[in-house]
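Values in this text are rule-based calculations from the coordinates and carry no lab data. All of these numbers come straight from a predicted model, not from anything done at the bench. Here Cβ is always computed from backbone atoms with ideal geometry, including for glycine, and neighbour counts include all displayed protein chains.
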Amino acid sequence: MKDPADDWTGVSSSKERRKIQNRLNQRARRRRKLKELCHNLDGSEGDGESSSSVDGDAGYVLLECPNRRAEMIILARSAQTNYSLGTPQPTQLYALVGLNLLNALARNARELGFSRHSLCAEHFISPFNLEGPKLPCGPRQESLWPPFLRPTEAQYQITHHSFLDLFPIPSLRESAIRAEDLGFFDEDEFCADVFGVGHKTNDGDERPRLLVWGESWDPRGWEANEAFFRKWAWLIRGCPEILEGTNYWRQRRGEKKLNFGRLGS
């Protein structure tokens with residue numbers, strides 16, 4: 001049923017008609033995003049895999065709070081049910097975006113041979129770092145690592161949490177680890193943006209966010225929103241992969257391409 005506020009019958013003001021059309025266009029974009037995201041989630045839990053295998057790759061295992069894990073499980077099942085019935089709910093979009101990101105990080109942890117449960121603990125550091133204590137499991141054989149997840153020099157040399165190893169953007173990992181070592185990078189703040197709840201800040205602005213639409217280990221499957229580019233411009237300016245991936249997905253939705261020059265100094 002059409003919302004009366006979306007009906008421009010009898011609206012003569014061109015300004016009001018544009019406002020209504022923009023609202024309808026935004027809603028249509030959210031529905032397209034939701035449909036694509038639900039399709040990705042549905043595919044990741046299908047393909048004839050056993051339930052134990054699916055649970056092993058589920059991103060909710062990265063959440064320390066049992067209540068949050070339970071909420072995400074219920075959300076995923078509800079979203080997939082709605083999708084299978086042809087009635088995806090736009091209100092679930094932002095939570096599903098976060099769940100899809102968690103799933104991607106969990107899959108990358110598996111690709112590297114990391115324990116996903118250990119990644120939640122603050123005192124564990126990357127097993128790639130040769131100086132510190134190791135995670136209870138070691139990385140998989142190097143030949144099995146996806147190319148964009150292969151460790152950089154900083155990952156081997158500088159002590160850091162294994163959370164940073166999971167992003168398939170080598171230049172981002174290198175910059176973040178070196179900046180953290182020099183005291184310029186707050187990993188907790190970065191993590192809060194990555195796993196942020198909701199899509200608006202307390203001031204009503206768009207929250208920085210990363211999204212995953214494709215393969216978890218391929219930077220072309222990742223997208224950053226404008227708020228993320230603006231806040232972390234100093235960190236990702238030397239990371240063309242994230243800009244290329246972002247613009248690929250934006251163009252698929254008919255949105256304008258982004259560029260570093262316009263998004264921050």
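Going from the fewest other Cβ atoms within 10 Å to the most, the residues 152, 159, 81, 246 appear in the order 81, 159, 152, 246. Debye-formula intensities of region 220-259, expressed as log10 I(q)/I(0) at q = 0.22, 0.23, 0.36 Å⁻¹, are -0.62, -0.68, -1.31 (one equal scatterer per alpha-carbon, no solvent). Ordering 186, 218 from the fewest to the most neighbouring beta carbons within 10 Å gives 186, 218.
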